[in-house]
Each structure stands twice: as C-alpha cells, then as structure tokens.
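Bear in mind that the values in this text are calculations on the coordinates, not laboratory data. Since the structure is predicted, the reported quantities are computational estimates derived from the model, not experimental observations. Reconstructed Cβ throughout: ideal geometry from the backbone, glycine too, with neighbour counts over all protein chains shown.
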Amino acid sequence: MVRLKSRYLLCEINVTDRNGLLLLNDRAIAEAVKEAVARIHGDYGAAMCSIRFSVKYLNTQTGMALLRFPKMSYKLLWSALPFITSIETRWQKIPCFLNCLHVGGTIRTCQKFLVRYNTRQLHRMLPNCKNEEEKKQIRKAILSCSMVQGEDEPDDDDGDEDEA
C-alpha cells in the first residue's frame, strides 16, 4: 500500500474589517483558492488543486486557516495565494489577502509552529502595554500558550520524494 503524502499550509487571513472574518467559512476559502489557482495556472492547476485539497481548520476569531493538499502540487497552490484579493461568501465580497506562515508535513507541526508564533506575537505586544492590567493579561496569555507534552511524531517536512 502506498502512503499518499500531503502538505499543510498555515495561512493568516488579513482583512481590513475584523467583522469580515466572522462571515468566512471553509467552503468560501476553498472556492477562492481554487479560483486563484485556475486563474494563474490554468486547467492543469485547477485539476491539481481539485485532487485531495481541503480546508482542514479555520478560526474566524484569529483569522488562521490550515489548507491540506497533495505534496506534488503544493507549489502551485502556494504560488497562487498572493493573487487572492477577496473572498466571496454569503453574497458579500470580503477584501483580504492570505499570508502564508508555515508549510508543514503534518497538522501537528503546524500546531507547534502556531503556538510558537502566537507566543512571539504576545512577547512583541508586552512592551507596548499602557498599564499593569494589560501587562498582566498578556503575561497570562503567554503562559497559556503551551502544548501537552506527549510523544513527538517524526516530521516529514524534508522528504523530497513524491507520492506514487
């Protein structure tokens, strides 16, 4: 039996109006990505994007999305992300852009990266606090950014072999 390798792209959805994030859903993001890949890479890109592509995780509060796609086509998808300027959902166009933060071989590696990323962001916010109450809330948030220690699974980010 052949193992089909996937890649996971952790993206940050940046919008001008934070209320626009609440309107997003995984289907709208998937359609916007597929449309961008088809526009940039034509029929070949659209066909490659339609195979095993999905939005595995979407947090509308933070604007984080996790996209899964085959290892052999992740560069096509990745190169089309800068061309997404808006996402159409619920009969509204939400102007936005997707910022790729991390490409991982497993969901777990993306989760670990997201914890480190959020901790760094909170540390950057700490010097900008105006009073002690804000500093206390930020410190509490930093301390809550921890994962349960368990068995680490091997990362297959570095593998160069394509799926069969």
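Things worth noting here:
- The C-alpha atoms of the chain define a longest principal axis, and helix 132-144 lies at about 40 degrees to it.
- Hydrodynamic radius by Kirkwood, which averages 1/r over all alpha carbon pairs of the chain, in angstrom: 17.4
- Degrees separating the helix 26-50 axis from the principal Cα axis of the chain, which is the longest one: 40
- Contact order relative to length of segment 6-105, as percent, for alpha carbon pairs under 8 angstrom and 6 or more apart: 45
- Order of I51, I107, I84 - criterion: other Cβ atoms within 10 Å of each residue's Cβ, fewest first: I51, I107, I84
- Taking amide hydrogens as placed 1.01 Å from N in the peptide plane, the amide H of R7 sits under 5 Å from those of F69, K71, each at least 5 positions away in sequence or on another chain.
- Charged neighbours of G63, selected by a Cβ distance under 15 Å, balance to -2 (K, R count +1; D, E count -1).
- Most to least packed among 29-37, 69-77, 117-125 [average Cβ atoms within 10 Å]: 29-37, 69-77, 117-125
- Euclidean distance of C-alpha centroids, segment 70-98 and segment 1-34, integer Å: 8
- Exposure proxy ranking, count of Cβ atoms within 10 Å, fewest first, for D17, D26: D17, D26
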